[in-house]
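No lab work stands behind these numbers, since they all come straight from the coordinates. Small disclaimer: the values here were computed from a predicted structure and weren't measured. With ideal geometry, Cβ positions are generated from the backbone for all residues, glycine too; neighbour counts draw on all protein chains shown.
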Amino acid sequence: MNEWFDAEDHIERAHELYEAGRWDEAEKELRQALARNPFQPEWHFNLALTLEAAGRFREASDSYKKAFELGPGDAQTAVLVGYNALRAGDPEGSLPWLEKATELDGSRVDALAHKIDALTRLARHEQAEVTFYLAQQIDPENGEIYAAMAESLLARGLHDKAVWCLREAARLDPELPRVEARLAEAYARTGRHERARQLYLRELRRDPGSVDTLLDLGELLMEMGRDGEASEKFRRVLELEPDNADAHFNLGRLAEKLGDRAGALRQYDLVVRLDPAYPGARCRLVDQLLAVRGDEAHDRARLLLLAELREQSERPARFAAEEMDELGQLLLDAGLPAEAARVFKRLIARRPNDAKAHHSLSVCHFLRGERAQGMESARAALRLQARYIAPMHNLAMAYLEQGQWTRARYWATQARRLEPDDPSLRRLRLKLRVQAIFEVARWLGRIVKPGKRRKSSEPGEAAETTGAE
């Protein structure tokens, strides 16, 4: 009995702490109550609410799941399991729970809206569209399903249709979170930047402290070339959230654009310290470090590149092909061709018809002294892109080093036809001309020298005869 009363006391204190926004303390009280009685679905539900409020969506989803399993298994709890799994970055794991919610209650349009979102993130756009039409049949006046469908349309590049969906969403539910900002993003993608700017400002009038809207507006202003205004928006974000990595990253981009290397270094360094896994931050910082003279900067650049390489090796699916290519090029710039070759091989496995990746791999081989492999990769690049000058130049140089002048001349000539003003090709052509002159001279020498030997031998013979006499 005492255990029960103790648990109830912890629950009472947890409610008070939750209302005060003291999530960590509320969680402790709830866990102490559950340690005394772990079979109360309401307590697991309350713990899930607390974890969700603290932004710990994966743990919240697990707690909602326990509440569902211990309780009557209602549709609302199933929706919350799926929704928090989605917010935790697990769209695949969210789908069974959202489907379970619609099985338990076919009128749950919110479950269908979240399902559209999950399917969009999984690039299953046809299924997302089918789900949208099903939701329309249940509640055609629901703004959330139009907003969710707009994300799928944006992902497919159907910007005008996305604009229509978001306008409908704003008409049906003007209080929908950030609906004006999402409409602004759609307008920006269609090139209507001024209209997008006005919508972002309208959203900020409604919610002046919206960090996401400030960031989106700042990025739009950068795209419009209004760098001073963009900087002001990012600095406003830092007033609200001093550790916001997105704002620091964008300030780094601005500094880089303005040629302020010290500012770019400072901002990118802050991003890497705040969030080592921030997309592109390590590579941006490395690019700046490699431009700085001194072994210390270059040594740090190599360490950062190796850390990025480890992360890409462990979780390759998380990185886009463009990010892999950027890492490979930076590894080459840092003098790490063996590591760069590993990246380009993975990139070719993902995109076998990428001529640039084959060329980059050939460069890695040449830098490592692996001439045969380098020539094979260069030929592979040319099979995919017949007018690719860089591998032609490298093949010409490789044949030149082997003394195969005719083949070297062939590839140099092919490249010169495509780029007659390229300085590196002009130097290569000059080298081949000098070699051609040398070859002609040597060939003539093979014809003339025997005659010279015969003429010079006659006096010698006479001298020897004279000597003998």
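Put a plus charge on the Cβ of each Lys and Arg, a minus charge on the Cβ of each Asp and Glu, and nothing anywhere else: the dipole of the chain about its Cα centre is then about 4480 debye.
Could you compute the FRET efficiency for D275 and R426, with r as their C-beta to C-beta distance and R0 at 56 Å, rounded to 0.05? Taking R0 as 56 Å, the efficiency between D275 and R426 is 0.75.
Using 0.36 nm per residue and subtracting the Cα-Cα separation, the extra length available between D173 and L303 on full extension is 41.8 nm. Equivalent-ellipsoid semi-axes for the chain (Cα gyration tensor, √(5λ), whole Å, largest first): 67, 26, 24. Ranked for footprinting exposure by Cβ neighbours inside 10 Å, fewest first, Y268, Y187, Y133, Y18 give Y133, Y18, Y187, Y268. Counting only Cβ charges, +1 for Lys and Arg and -1 for Asp and Glu, the dipole size of region 1-114 around its Cα centre is about 300 debye.
Lys-Lys pairs in the chain that are eight or more residues apart or on separate chains and whose Cα atoms lie under 17 Å of each other come to 5. The stretch between A53 and L122, if pulled fully straight at 0.36 nm per residue, gains 22.3 nm over its current Cα-Cα span.
For region 325-406, the fraction of C-alpha pairs more than 21 angstrom apart is 22%. At an R0 of 56 angstrom, the distance between the Cβ atoms of D139 and A338 translates into a FRET efficiency of 0.45. Taking 10 °C and 1.306 mPa s as conditions, region 219-270 diffuses translationally at an estimated 148 µm²/s according to Stokes-Einstein applied to its Kirkwood radius (Cα pairs).
Full extension of the chain between R22 and A321 yields a length gain of 103.4 nm, computed as 0.36 nm times the residue separation minus the alpha carbon distance.
Dipole orientation for the chain: of the candidates A396, L382, L98, A396 has the Cα lying most toward the positive pole (charges on Cβ; Lys, Arg +1; Asp, Glu -1). Report the net charge of residues surrounding R417, where surrounding means a beta-carbon distance below 14 angstrom and charges are Lys +1, Arg +1, Asp -1, Glu -1. My count for the surroundings of R417 gives +2. By other beta-carbon atoms within 10 Å, ranking S362, S210, S61, S424 with the fewest at the front produces S424, S210, S61, S362.
Averaging the Cα positions of each part gives two centres, and for region 320-344 and region 100-136 these lie 40 Å apart. With neighbour counts taken as other beta-carbon atoms within 10 Å, the residues W97, W23 rank, fewest first, as W23, W97.
Dividing the radius of gyration of the alpha carbons in region 112-260 by their Kirkwood radius gives 1.02 for Rg/Rh.
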